1. If you line up the Cα atoms of the stretch 95-138 on their principal axes, what length do they span on each, largest first, in Å?
2. Report, by chain and number, residues whose modeled amide H sits under 5 Å from the one on Glu100, excluding near sequence neighbours (fewer than 5 apart, same chain).
3. Can you sort Ile8, Ile90 by 1.4 Å-probe accessible area, starting with the largest?
4. Given springs between every Cα pair under 10 Å in a Gaussian network model of the chain, which of Gly36, Gly91, Gly113 has the largest fluctuation?
5. How would Lys69, Lys3 rank on accessible area, largest to smallest, probe 1.4 Å?
6. Relative to the present Cα-Cα distance, how much length would full extension add between Glu35 and Lys18 at 0.36 nm per residue of separation?
7. For Tyr128, enumerate residues with amide H under 5 Å from its amide H, sequence gap 5+ or separate chain, H modeled in the peptide plane.
8. Take the alpha carbon atoms of the chain, find their radius of gyration, then divide it by 2.2 N^0.38 Å using N residues; give the quotient.
Amino acid sequence: MRKIRNLIGMPVICRRQKIGRLVQAELSPDLTRLEGIWVDGGLRGTRYIPAEHVGTIGQVAVLADNRGKRRRCSTSPLLYRAVTTDGLRIGAVVGAEIDELSFLVGALEVTMGLWDDLYAGRLRAERYTADPERREVIVVDSAQEDEKEDGP
């Protein structure tokens, strides 16, 4: 699993030639898979490469089999409100972990505020449901699910 923020700045290689650096990764509306990547090519402009043309996410570079289409980076960064199944706000989604081979999202990274991040670290949400219209992610806590299974 690789975090999106660790991918930012990696060189993107197409046909043995560097075409730019990765500036943003775009996730699907339901936050379950990688849709594509945005590459900054300097004077050649920003390009969008769909996930089906991304071959490999390696340790030092991203390999693609297509240069992508030149267009502005139109997607906003990954900022969703994170709530519990009861509707209580727990923080904001600021990142995701992506599987390098399947491009599926393994977990979301949730911040609960600066002091909580420094004290306890960020929450790693593996079970969630996304609501793109409300820009919310409902995080399913495994402890809550265990209580429901043990109950009546």
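1. Principal-axis extents of the stretch 95-138 (Cα, largest first): 33, 28, 14 Å.
2. The answer is Arg2.
3. Per-residue accessible area, sorted high to low, gives Ile8, Ile90.
4. Largest GNM mean-square fluctuation: Gly113.
5. Working: Lys69 150, Lys3 65 Å².
Per-residue accessible area, sorted high to low, gives Lys69, Lys3.
6. Working it through step by step, the gained length comes to 4.0 nm.
7. Answer set, sorted by chain and number: Val140.
8. So the chain has a normalised radius of gyration of 1.17.
The values are calculated or read from the model by the stated rules, or taken from the named source; none is laboratory data. Because the structure is predicted, anything quoted here is derived from the model rather than measured. Backbone-built Cβ (ideal geometry, glycine too); neighbour counts: all protein chains shown. Areas reflect the complete protein model, heavy atoms only, side chains present, ligands, DNA and RNA absent. Shrake-Rupley method; radii C 1.70, N 1.55, O 1.52, S 1.80 Å.
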